[in-house]
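We did not get these values from a lab; they are worked out from the coordinates using the rules stated. A quick note: this is a predicted structure, and the numbers were derived from the prediction, not measured. Neighbour counts run over all protein chains shown; Cβ positions are idealised from the backbone, glycine included.
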Amino acid sequence: MAKLSKTFPHSLGKETAARLIRERISSEKISKAHVATVTKEVWNDPYNLDFALTIFNYKINGDLKIEDDSLTVNVDLPMGASLFKGMIEDQLSQQIELMLK
């Protein structure tokens, strides 16, 4: 299993970043339903999310941690999906950056 970890700096503050991420994750689930299915979304507290999703029959587990000035996403990629690690990282970066705007 391949690991992917990426930190995204922001200047929104913890509360605003958490609110934006929560709102936009909900809308992303609807708009990306034809490509990805969210199978787990557990907020352990307002700033820490455990998630799982299925993309093209690959189950991907991960977590997201929101800090005052950054957001970190850690993802476990199954062997088959690790071949697309670069593409997944690019898409993840684009989606997170859009969510923080």
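Here are the numbers for the structure shown:
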{"item": "Residue identified as part of a helix (DSSP H, G or I), in contact (Cβ under 8 Å) with a residue 24 or more places away in the chain and surrounded by fewer than 16 Cβ atoms within 10 Å (Cβ to Cβ) among 11, 27, 93, 5", "result": "93"}
{"item": "Subset of segment 52-90 (residues that are more than 14 Å from residue 5 (Cα to Cα) and assigned to a strand (DSSP E or B))", "result": "52, 53, 54, 55, 58, 59"}
{"item": "Test result for residue 38, surrounded by 12 or more Cβ atoms within 10 Å (Cβ to Cβ), in contact with a strand residue (DSSP E or B) (Cβ under 9 Å, 6 or more places away or on another chain), in contact (Cβ under 8 Å) with a residue 12 or more places away in the chain and closer than 19 Å to residue 1 by Cα", "result": "no"}
{"item": "Residue match in segment 57-64 (condition: in contact with a Leu (Cβ under 9 Å, 6 or more places away or on another chain), aliphatic (A, V, I, L, M) and surrounded by 14 or more Cβ atoms within 10 Å (Cβ to Cβ))", "result": "yes"}
{"item": "Unmet criterion (only one of (1) farther than 19 Å from residue 93 by Cβ; (2) in contact with a Leu (Cβ under 6 Å, 6 or more places away or on another chain); (3) touching a residue at least 60 places away in the same chain (Cβ under 8 Å)) for residue 43", "result": "(3)"}
{"item": "Those residues of segment 72-90 which are within 10 Å of the chain's Cα centre (by Cα) and buried (at least 18 other Cβ atoms within 10 Å of the Cβ), in sequence order", "result": "73, 75"}
